[in-house]
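Below: the structure, in structure tokens.
The values are calculated or read from the model by the stated rules, or taken from the named source; none is laboratory data. It should be emphasised that the depicted structure is a prediction, and the values quoted were computed from it without experimental measurement. Here Cβ is always computed from backbone atoms with ideal geometry, including for glycine, and neighbour counts include all displayed protein chains.
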Amino acid sequence: MSDLELSHSKVDIALLKRLIDTSTSLLADRLHVLPNSITSYAKSDIANSSRIVYEYLTRNTKDDQTKLREINDEVISRCAELVVEQYNVLQVYRTKSLSKGMRMYSEFSYSLESSLTYMITIIYPLSKLNPTQTLMPDLFKKFFTQALGLLRMLNLDLSSEAYSNWRTLHEAECVIKLLVEGGKELQDVY
């Protein structure tokens, strides 16, 4: 059972699916293509936006009968318009962002993101967030997580924010280097 199914009723899932399907069909109509030709990336963006809009719609509604009564075809259509409009704005922003800075879908960015994610998954089971027992794995986990965050900032063309975080990443690198060279004695003092 997925997290979505655990936190939503069957009515929530059905209504959300209707919103996603209506939004996807509307996008396909605007692009003059068949709905099944919409890419997985676009469908994922549409689904995320639909979920956010649905959560807003139902924020004060607790029971399923009220949801069914209030979220009718007209509401679904208006919300689908909002979702598709938001998706189009997102696409324009991504296109502008990709024209400068690091390209989100470049081979370099993909390779770096894959490497960092791999390192995080290796170190994650060793890190217990308890410096007296797992100091070095904790520091490595923090370092690789910060590096991944920095890459994402660069991909989103947030270079000034990335630059300020680069200093923090470099400081973490220096601390790790000193602790590795200093051995167990320095690690215990740290």
Quick one: which helices (runs of 4 or more DSSP H) sit completely within region 1-63 and have at least 1 residues that are modelled with pLDDT under 85 and either surrounded by fewer than 14 Cβ atoms within 10 Å (Cβ to Cβ) or of a type in the set (Val, Ile, Thr) (or both)?
-> 3-7, 40-57
Among the residues of region 131-143, is any exposed (fewer than 12 other Cβ atoms within 10 Å of the Cβ), more than 22 Å from Ser111 (Cβ to Cβ) and β-branched (Val, Ile, Thr)?
-> yes
Answer yes if at least one residue in region 46-55 is free of Cβ contacts under 8 Å to residues at least 12 places away in the same chain, aromatic (Phe, Trp, Tyr) and not assigned by TED's automatic domain parsing to the domain that holds Leu154, and no otherwise.
-> no
